[in-house]
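**Q** I have a structure I would like to understand better, so I am pasting it below and will then ask my questions one at a time.
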């Protein structure tokens with residue numbers, strides 16, 4: 001049985017806790033590996049290694065840090081297929097989807113290559129007579145990332161690229177369900193020239209998470225996952241004096257107005273709801289369909305679903321793979337099973353005719369869904385698309401703004417005025433106009449509002465640089481001894 005351990009101080013470090021977790025092949029349902037689960041003492045060791053490496057890395061000049069990022073960019077690019085293959089084996093997503101994940105993660109490494117420009121401060125000459133004032137951005141120290149199972153390569157790249165480029169050292173706690181991509185990233189960073197100890201991977205469960213949240217040498221925590229855990233990470237981390245950005249769950253709505261191109265909207269809804277088996281925090285899970293076009297739109301979505309080929313990534317033509325575990329698949333099935341009892345209409349039942357092996361579930365479509373139903377209120381995180389019928393723009397906007405989540409949303413319309421008003425009115429962090437999955441490019445930042453984000457800073461991009469640095473302001477004078485005197489008054493600029 002393959003054993004997955006930890007990556008500490010530039011090498012694989014076998015676990016000593018005596019505890020391990022199961023890594024499944026979601027396409028077969030069989031265990032393919034055991035992953036070591038770290039003890040608090042093992043977390044302490046990884047943090048100590050990162051703390052020891054910090055002074056030298058922090059003192060490394062910006063050109064050298066950028067050079068490491070450029071080398072890493074080339075290595076990830078050259079190893080796209082190998083990284084994607086690891087994702088298909090442990091997460092289950094099909095190869096094309098996995099390659100897309102690697103590509104979007106790679107953008108963040110490319111952004112970090114510009115760190116010499118991104119860390120420029122400000123300078124004010126002669127702020128007062130003979131006095132100059134300037135600001136500089138400095139790294140925090142040891143920072144940690146806790147990442148989810150659904151994007152085992154991309155989300156770590158959201159974090160470590162900026163963190164390392166800014167001069168921090170990094171401890172990553174990936175999902176124990178699919179840890180191999182993180183281990184491979186550690187190897188690539190070493191090849192890229194990153195000094196040993198600057199990037200470390202600790203595999204584990206709540207024991208490891210809690211120790212990172214409590215450890216006095218961890219200065220900041222980045223997290224992506226469900227809302228209950230994000231709230232826990234934020235509250236526990238900040239209570240222990242850490243800077244925290246914790247991205248939580250989502251219930252992303254797509255408002256389709258009566259003037260929209262319905263074929264385009266149907267294509268977008270199917271793509272955004274069922275890609276990666278719906279295991280995306282930016283998946284569209286609710287279509288808000290204007291009453292006058294709702295029947296036509298539901299019919300068009302229904303017609304497209306049978307063409308989606310569900311199967312393992314190893315089969316040619318597979319477009320949607322399995323869910324991550326049997327337990328999660330069964331939970332998603334429960335939402336489909338209970339929909340009609342709550343008054344909804346089950347248009348397509350994805351529980352039918354699924355592959356016998358593995359954790360598969362086909363796409364489901366549920367119509368006439370309303371707030372108060374479990375399939376509307378909860379984040380399902382699976383291949384289930386619900387349709388709620390609305391009277392028009394105002395009705396749809398009200399539903400979006402009243403939802404507890406505010407991660408992503410989209411509007412489909414030909415009306416530029418309505419689209420612009422939607423951008424102005426909607427209380428959501430990321431908005432698409434005729435774009436169903438509006439994940440920002442790497443030189444913007446990713447994050448939602450309301451219960452989709454805990455903390456003040458979004459992930460990656462310019463806000464990521466701000467998160468992993470703190471600003472120092474220097475007020476400087478080279479005095480002329482002829483003008484020096486004692487002055488007990490409050491300093492003034494005039």
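**Q** Antiparallel DSSP bridges in the range 95-232: what percent, to the nearest 5?
**A** Percentage antiparallel, nearest 5: 20.
**Q** Would you mind computing, in nm to one decimal, how far apart the modelled labels at residue 353 and residue 475 are, each placed 7 Å from Cα along Cα→Cβ?
**A** Reported label-point gap for residue 353 and residue 475 is 7.6 nm.
**Q** Could I ask something else about it? Please give the contour-minus-distance gain from residue 486 to residue 14: 0.36 nm per residue of separation, less the Cα-Cα distance, rounded to one decimal in nm.
**A** 163.6 nm
**Q** Sort 11-18, 209-216, 405-412 by the packing proxy (mean of other Cβ within 10 Å over each peptide's residues), most packed first.
**A** 405-412, 209-216, 11-18
**Q** Report which label in (i) 94, 47, 46; (ii) 92, 72, 43; (iii) 86, 59, 39 holds the value of Cα extents along the principal axes in Å derived from the coordinates of this structure.
**A** Step by step, Cα extents along the principal axes in Å for this structure corresponds to label (iii).
**Q** Can I ask one more? With a point put 7 Å past each Cα toward its Cβ, work out how far residue 41 is from residue 427 in nm, to one decimal.
**A** 5.0 nm
**Q** What FRET efficiency, computed as 1/(1 + (r/R0)^6) with R0 = 35 Å and r the Cβ-Cβ distance, is obtained for residue 126 and residue 444, rounded to the nearest 0.05?
**A** 0.50
**Q** Something else about it: Please tell me the relative contact order of the range 252-433 in percent, rounded to the nearest whole number, where contacts are Cα pairs under 8 Å and at least six residues apart.
**A** Here the relative contact order equals 29 percent.
**Q** Right, next: What length, rounded to one decimal in nm, is gained on full extension from residue 30 through to residue 314, with 0.36 nm per residue of separation minus their alpha-carbon distance?
**A** Full extension from residue 30 to residue 314 adds 100.7 nm.
**Q** With both partners inside the range 252-433, how many of the DSSP beta bridges are antiparallel, as a percent to the nearest 5?
**A** If I count the DSSP bridges inside the range 252-433, around 10 percent turn out antiparallel.
**Q** Which ordering of 125, 110, 90 is given by a fewest-first count of other beta-carbon atoms within 10 Å?
**A** 125, 110, 90
**Q** Sticking with this one: Arranged by the count of other C-beta atoms within 10 angstrom, fewest first, what order do 281, 375 take?
**A** If I rank by nearby Cβ atoms, fewest first, I get 375, 281.
**Q** Sticking with this one: Does the range 130-174 come out rounded, prolate or oblate, given a ≥ b ≥ c as the square roots of the eigenvalues of its C-alpha gyration tensor, rounded meaning a/c under 1.5 and, failing that, prolate meaning a/b above b/c?
**A** Verdict is prolate for the range 130-174.
**Q** Another question about this same structure. Neighbour counts of other C-beta atoms within 10 Å: give me 264, 254 arranged from fewest to most.
**A** Ascending Cβ contact count within 10 Å gives the list 264, 254.
**Q** So what is the relative contact order of the chain, in percent, for Cα pairs below 8 Å that sit 6 or more residues apart?
**A** The value is 18 percent.
Coordinate-derived values only; no laboratory data. Since the structure is predicted, the reported quantities are computational estimates derived from the model, not experimental observations. In this analysis, Cβ positions are derived from the backbone assuming ideal geometry, glycine residues included, and neighbour counts consider all displayed protein chains.
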